[in-house]
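> Starting off with a structure, shown below.
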Amino acid sequence: MGIVAVWPSWLTLFAAFSTFMLVTSALELRWRIFGWRTPQARAEMAFPAAVARDRARRSFSLIVPALDEPHVIGDTIRTLVRQTHPRVQVVVSLVEGDEATVRQARLAAAGSPRVELVVRRYAERSKPMQLNAALGVCTGDYVGVFDAEDDVAVDLLLHVEALIDETGADVIQGGVQLVNLDLRPPPGASVWRRLVTRLRGWYCVHNAMEYFFWFSSRMFYQVRQGFVPLGGNTVFVRRELLTELDGWPLNLTEDCALGVALSVDHDVTVVAAYEPRLATREETPARLFGPGSLDRQRRRWTQGFLSVLLQGSWRRLPGVRQRLMALYILAMPFIQAVNGVMLPACVAAAILLNAPVGWVLWMFTPFIPIAITTSLQLVGLREFAGQYGRTAAPRHYVSLVLGAFPYQLVLAWSAVMGLRRHLAGQAGWLKTSHDGLHRRTPARRRVPMVRPEPVPAGRPGAAE
């Protein structure tokens, strides 16, 4: 029985918010299970068999933009150099003055004719500027992008070429997966320190599941609808297309902005593929708040999505469904913020307000898709652990349930702060830090603490 009287207008408002949350939660649930409809549907999303190495006809330029990444850049370069595809150029885009990263990149590139280092000074540092600087030296038929901490399957490009042969795609989006479910305690940490580290990393499993369902399911729904906000890496684009567009848009989410530009202004064929063995492996941010954190990353995403939304080019998409999809995707951070704030308000209203039973019950309806989504998360965690060889402990399942709402509150906070930065005209790049949490051996212990030999003149990559 309610204990507070309420005006009908307020009751209508709460019911409207409940309806909004019901619709958005149901849509999210539908998209999450899109790729899980049948075993046949999942099989169709996999890469085709790799082309034979001696029959590979295309060439690839792989750009790796790096800034303040001395602990992870070396392993990433060595992984890309080991690609089994015969025609690979690795272009590492570096920032003048970032001596530690440049030094490690030179060490990893030494002796490899596949690697070119591009070192530039920038008035304002940003990933799209580094990408565009590297594009000028790319010679491949397709240009791929990888982040500085990526672990990439050595035969990925042979599968990518097979997919291009099969589909004639202009753009290929491969899978990306965050693979750590915890933060890593320092070596020799006490039992208490390990416990604290685990508690601090409660958000990691939620972040990993976001990526898991996006790349294994929702991404394919986007492709079918003809509107694909591309991922920041493991994406391959025909070099002529990038040249025609003058490279990546100078946007805080350059990947999304590029996807919108390709969808709106070019008749391109975008194809996605997902296979756990071939997915690029990454790490969650090493902290929830502060410099390099998940919060700062999402603030940047919010600003980037908002700028693309306000730019309005998505309104030129040919179909109404595509335009509605674009509007929903670009406004997603704000939808999350509204839902995060209004869900507890609607629950409180349902319990405390004096209202007809039907209205009260309606305010609880968003919990139906939310409960199903939570159950799907638990199933997804089990699938993820088996596919990626990770251990999902009971605490991870508990965190998925108990931490679901706090995680949404974090995302809502980041969206609000991103909006605040945009209104204040703050457009500086909020970089995500990387500690190599996805690699078995701590990255900070793998960096060779030796000075590099001078780079021989004339070797590819020496002219910077």
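The values are calculated or read from the model by the stated rules, or taken from the named source; none is laboratory data. Since this is a predicted model, take the numbers as computed values, not measurements. Every residue, glycine among them, receives a Cβ derived from its backbone with ideal geometry; neighbour counts consider all protein chains shown. Each accessible area value is taken on the protein alone, full model and side chains, heavy atoms only, with ligands, DNA and RNA left out. Shrake-Rupley method; radii C 1.70, N 1.55, O 1.52, S 1.80 Å.
> Mind checking whether some residue in the range 90-99 is open to solvent by less than 50 Å² (accessible area, probe 1.4 Å), in contact with a strand residue (DSSP E or B) (Cβ under 6 Å, 6 or more places away or on another chain) and hydroxyl-bearing (Ser, Thr, Tyr)?
yes
> Any chance you could count how many residues in the range 224-242 are under 11 Å from the mean Cα position of the chain (by Cα) and of a type in the set (Val, Ile, Thr)? Walk me through it before giving the result.
Going through the range 224-242, the residues under 11 Å from the mean Cα position of the chain (by Cα) turn out to be 229-234.
With of a type in the set (Val, Ile, Thr) added as a condition, the list becomes 234.
Qualifying residue count for the region: 1.
> Under 8 Å between Cβ atoms, which residue pairs at least 6 apart in sequence (or on different chains) link something in the range 29-47 that is open to solvent by 30 Å² or more (accessible area, probe 1.4 Å) with a partner that is assigned to a loop (DSSP other than H, G, I, E, B) and among the aliphatic types (A, V, I, L, M)?
Pairs found: Ala46/Ala273.
> Just to confirm my filter: which helices (runs of 4 or more DSSP H) fall fully inside the range 255-353 and include at least 1 residues that are touching a strand residue (DSSP E or B) at 6+ places or on another chain (Cβ under 9 Å)?
Numbers: elements: 294-311, 320-330, 332-352.
Those helices (runs of 4 or more DSSP H) span 332-352.
> I would also like to ask the following. Out of Thr280, Thr302, which single residue is under 28 Å from Asp182 (Cα atoms) and under 12 Å from the mean Cα position of the chain (by Cα)? Walk me through it before giving the result.
Working: Thr302 fails: under 12 Å from the mean Cα position of the chain (by Cα).
Only one candidate passes the filter, namely Thr280.
> Is it true that some residue in the range 304-313 is over 19 Å from Gly201 (Cβ atoms) and open to solvent by 60 Å² or more (accessible area, probe 1.4 Å)?
Within the range 304-313, the first condition is being over 19 Å from Gly201 (Cβ atoms), and the residues that meet it are 304-313.
Next, only the ones that are open to solvent by 60 Å² or more (accessible area, probe 1.4 Å) stay: 310-311.
Yes, the range 304-313 contains a residue that is over 19 Å from Gly201 (Cβ atoms) and open to solvent by 60 Å² or more (accessible area, probe 1.4 Å).
> Ok, one more. For the range 236-254, give me each residue that is charged (D, E, K, R), in a helix (DSSP H, G or I) and touching a strand residue (DSSP E or B) at 6+ places or on another chain (Cβ under 9 Å).
Initially, the range 236-254 is screened for residues charged (D, E, K, R), giving 238-240, 244, 246, 254.
Those left that are additionally in a helix (DSSP H, G or I): 239-240, 244, 254.
Answer for the range 236-254, where residues must be charged (D, E, K, R), in a helix (DSSP H, G or I) and touching a strand residue (DSSP E or B) at 6+ places or on another chain (Cβ under 9 Å): just Arg239.
> Can you tell me which residue in the range 416-454 is most open to solvent (accessible area, probe 1.4 Å), limited to those that are of a type in the set (Lys, Arg) and at pLDDT 85 or above?
Arg420
> How many residues does the range 110-154 hold that are part of a strand (DSSP E or B) and open to solvent by 30 Å² or more (accessible area, probe 1.4 Å)? Break it down stepwise before answering.
Narrowing the range 110-154 to residues part of a strand (DSSP E or B): 115-120, 142-145, 151.
Okay, now just the ones that are also open to solvent by 30 Å² or more (accessible area, probe 1.4 Å), so 116, 120, 151.
Residues flagged as part of a strand (DSSP E or B) and open to solvent by 30 Å² or more (accessible area, probe 1.4 Å) within the range 110-154 amount to 3.
> Okay, moving on. Can you tell which of Leu327, Leu376 is of a type outside the set (Asp, Glu) and within 24 Å of His396 (Cα to Cα)? Spell out the reasoning first.
On the way: Leu327 fails: within 24 Å of His396 (Cα to Cα).
Exactly one of Leu327, Leu376 is of a type outside the set (Asp, Glu) and within 24 Å of His396 (Cα to Cα), namely Leu376.
> So, one more: Would you tally the residues in the range 198-227 being open to solvent by 10 Å² or more (accessible area, probe 1.4 Å) and of a type in the set (Val, Ile, Thr)?
Here the count works out to 1.
> I'd like the residue in the range 51-71 that is in contact with a Lys or Arg (Cβ under 8 Å, 6 or more places away or on another chain) and open to solvent by less than 10 Å² (accessible area, probe 1.4 Å) and, out of all such residues, is nearest to Ser126 (Cα to Cα). Step through it out loud before you land on a result.
Step one: filter the range 51-71 for residues in contact with a Lys or Arg (Cβ under 8 Å, 6 or more places away or on another chain), giving 56, 58-61, 65, 67-68, 70-71.
Okay, now just the ones that are also open to solvent by less than 10 Å² (accessible area, probe 1.4 Å), so 60-61.
Values: Phe60: 23, Ser61: 20 Å.
The extreme case among them is Ser61.
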